[in-house]
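Since every read-out is calculated from the coordinates, none of them should be taken as a lab result. Model, not experiment: these values are computed from the prediction. Note that we place each Cβ from the backbone using ideal geometry, even for glycine, and neighbour counts take in every protein chain shown.
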Amino acid sequence: MSNPTPHSSPPPGPDSTWQALLAHRGEIGERHLAQLFASDPARAARMQAEACGLFLDYSKNRVTGDTLALLFELAREAGLDARRAAMFDGERINRSEGRAVLHTALRRPADECVMVDGRNVVADIAAVRERCYRFAEAVRDGAWRGYDGRAITDVVHIGIGGSDLGPLMVCEALKPCAHPRLRMHFVSNVDGVQIGDVLCAADPGTTLFIVASKTFTTQETLANAHTARRWLIERSGDETVIARHFAAVSTHPGAVTSFGIDPANMFGFWDWVGGRYSLWSAIGLPIVLQIGAAGFDALLAGARAMDLHFREAPFERNLPVILALTGIWNIDFLGAPSQLIAPYHQRLHRLPAFLQQLDMESNGKSVKLDGSPAGCQTSPVIWGESGINGQHAYFQMLHQGTQLVPTDFIGVLEAERGFEQHHRIAFANLVAQAEALMRGKSAAEAEAEMRAAGMAGERIRALLPHRVFPGNRPSNALLMARLDPYTLGALIALYEHRTFVQGVVWGLNSFDQWGVELGKQLAARVLDDLAAPADLHAHDASTAGLIARYRACAVR
Ligand code: F6P
């Protein structure tokens, strides 16, 4: 397979490491991974790193020792050390919004100190967390009762984006640790179907709603929350029951109170926690409800361990740095437009969606911090689902398609009890897919196989091009010792820091998301136009046509 031309407009100047990497890319050309392994028996042992219950084998990337040395130099040249320190120390590195970026403070032990505007935020974090824990414990042990005196059985978390994907992904991943009485439901879509389905099966006397929105202005979340509120009042016949059945998580207490939620059930967080980095804050309340305070503490401890590893390990053994830099090699120097996340564990099935927001909302930018053009490819398209299902859907393209799709194979070493043979099959497939993508199948191998099957020469010649696998497709194998709160916390923090490192090298602000605003603004105008009988806002002909079609249909 010939790869797309590497990007020729690198960000830094002519003597930079970026230029050296471009030249190096020319030198190593299409050198095949299979040859690299054959000529260097120590390659796999050299290209692996381990921390916090996570093992990374990155030897199936198309890199040599020289490539890695240049990549580590690239990170140094980008000032990664200083930028990392600035983030952990609470400097306002989110410059376009004038904010610190301190999701890592949410994982700091209560006796530590991180100052923001002259205030130790670790103490504030501990105070809110304590309230979350007390609330969750009351719900879990049945002391918290619904309006008719029964214990809560169903928790409906209403939120979207960062106020949904983190808690949803973690709750799915940690189901074996779930409280036996509590069923968790997540509602994010505004089309009415999700909330409709949940309410249809819910018992108002035993259902607790959590409305989670950093801004408490998000249309989708408020529409769903209002529907839930109306449903509860209709069913109970009493407006005051809201206090027993609604909690809120937000940075805007005023908006929560106006909605009618009791301030005693409101859990705050801060503008220095980005939505996509917020599961460690009160946004993680559903996680606390599901796995309890001790489980949430373990999740935080895993993330904290990864923070320490990220801060202290040399680049050459630093998991987030290695993942980030090999990713940049794939994106900017090998021309890979996307990155597949392939977890070989059903409980991690929402991880790709979570990482999609984490990465694409953070680094989906084309200008640098100073407003100048990025000058290189930034965030790839992040996509994926459970790896084993993907094998039977899109892996054909990974093996024989025209695009290079670097893949993170994520596995769990410990099997769930009673399913050891299933686990072995899944793990075998993970290993085999990575091996197949790496080595491929040569024409000679394919031909020998067909001959052995007794095929005639003419048939072999016709089929041969279809049965050759070029291989040389890069992947990482990332293995979790087990799927528990601690290791999951470390895994999530690993990817958070990977995103950060890539943003630093590309010179981006990874912590704003202005790109989502225009669509929101226009949606408000379009919503008016869908309802209003006359006087449409000005639109292009296509947009006006779609609005007209909807209106014509809605009238019928
Ligand atoms: O539209 C994008 C976004 O602002 C995300 O960044 C955020 O996670 C999501 O919407 C939800 O926002 P909020 O928590 O304010 O409802």
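Details
- Reduced Cα scattering model of the stretch 152-286, Debye log10 I(q)/I(0), q = 0.22 Å⁻¹: -1.47
- Distance between the 7 Å Cα→Cβ label points at residue 539 and residue 422: 4.7 nm.
- Rotationally averaged projected area of the chain (alpha carbon convex hull; nm²): 31.4
- Ordering of 227-240, 278-291 by burial proxy (mean other Cβ atoms within 10 Å per residue, highest first): 278-291, 227-240
- Normalising the average separation of contacting C-alpha pairs (under 8 angstrom, six or more residues apart) by the number of residues puts the relative contact order of the stretch 303-380 at 23 percent.
- From the C-alpha gyration tensor of the stretch 183-234, square roots of 5λ in Å: 18, 12, 11
- Normalised by 2.2 N^0.38 Å, where N is the number of residues, the C-alpha radius of gyration of the stretch 410-482 stands at 1.53.
- Estimated from the Cβ-Cβ distance and a Förster radius of 22 angstrom, the FRET efficiency linking residue 243 and residue 143 is about 0.90.
- Axis angle, to the nearest 10 degrees, between helix 443-452 and the longest C-alpha principal axis of the chain: 90 degrees.
- Principal-axis tilt of helix 485-506 within the chain, Cα atoms, nearest 10 degrees: 70
- Separation between Cα centres of the stretch 428-469 and the stretch 360-387, rounded to whole Å: 36
- Peptides 518-529, 67-78, 347-358, 489-500 ordered by average Cβ neighbours within 10 Å, highest first: 489-500, 347-358, 67-78, 518-529
- Lys pairs under 23 Å by Cα in the chain, provided they are eight or more residues apart or on distinct chains: 4
- If the chain linking residue 413 and residue 367 were pulled fully straight, counting 0.36 nm for each residue of separation and taking away their Cα-Cα distance, it would gain 12.5 nm.
- Put simply, when 340-346, 194-200 are sorted by average Cβ atoms within 10 angstrom per residue, most first, you get 340-346, 194-200.
- Distance (nanometres) between label positions extended 7 Å along Cα→Cβ at residue 393 and residue 518: 3.0
- Value of [θ]222 nm, deg cm²/dmol, for the chain, DSSP H segments ≥ 4, -39500 (n - 2.57) each, nearest 500: -15000 deg cm²/dmol
- Helix axis angle, 517-531 relative to the chain longest principal axis, alpha carbon, degrees: 50
- Counted over all Cα-Cα pairs of the stretch 103-225, pairs farther apart than 26 Å make up 31 percent.
- Spacing of the modelled spin labels on residue 30 and residue 16, each 7 Å from Cα toward Cβ, amounts to 3.0 nm.
- Charge dipole (Cα centre; +1 on Lys/Arg Cβ, -1 on Asp/Glu Cβ; no other charges) of the chain amounts to roughly 760 debye.
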